[in-house]
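Single-structure report; data block below.
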Amino acid sequence: MNIPATEALPRTRHWLAVLPLILFVLLAALFLMRLHGSDPSTLPSALIGRPAPQTALPALPGLVRDGSAVPGLDPADFKGKVSVVNVWASWCVPCHDEAPLLIQLGKDERLQLVGINYKDSPDKALRFLGRHGNPFDAVGLDGNGRASIEWGVYGVPETFVVGRNGNIVYKLVGPVTPANFDRMLKAEIEKALK
């Protein structure tokens, strides 16, 4: 049976008109599967297994803990102990939310908790720590954000675990939350302590 040319043309146009819609639906489905199938807090880091950046940062002026001035970031302090490095800022809303969990983590004497204050003013950083408490053994000021770039920071907050050998062993993108505190962060700290 031959289909007249006048009838075949509308069918071809119909498929050509629907093809972009089909491609869009397929791409959207693929995007949604990837979005729901991955945890954004586990973005890969090229620095895992590599030495922590060797950039020293100045101390936050006026910050005191247990009656002593809190030092800045000294990369030499990573050798020989497990360190948790938290990149934070006073203007970062999730940083306010994670502060109580960092206070809890700061009580663990088996590790040192180091803060990198990202693109913040010292006065606002001091007010933030005055309001929430200071969990940090050291706080380095990263006023221009260059040191955070060396750490591979996408945005604040981010938290790193540095092993006794000075290598980064874990990176948590986003805030420390009750959901990831024990299951992810503390589990990685325990591995590093072994």
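Throughout, read-outs are computed from the coordinates displayed, never taken from laboratory work. From a predicted model like this one, the values you see are computed outputs, not experimental measurements. So basically every Cβ, Gly included, is an ideal-geometry build from the backbone, and we count neighbours across all protein chains shown.
Which Cα, out of L102, W91, P122, lies furthest along the positive dipole direction of segment 57-194 (beta carbon charges, K/R +1, D/E -1)?
Checked the options; the winner is L102.
Kindly list the residues of segment 166-190 that lie in the label zone of I149, defined by a backbone N under 14 Å from the point 7 Å along the Cα-to-C-beta vector.
none
Take the alpha-carbon centre of segment 102-154, take the same for segment 54-89, and report the distance between them in whole Å.
After rounding, the separation between the Cα centres reads 8 Å.
How long, wide and thick is segment 42-142, going by the Cα atoms along their three principal axes, in whole angstroms, largest first?
35, 30, 25
Just to verify a number: FRET efficiency for V64 and K191, C-beta to C-beta distance, R0 = 41 Å, to 0.05?
0.80
About the Cα centre of segment 120-194, how large is the charge dipole given +1 on each Lys and Arg Cβ and -1 on each Asp and Glu Cβ? Please answer in debye to the nearest 20.
Here the size comes out at about 180 debye.
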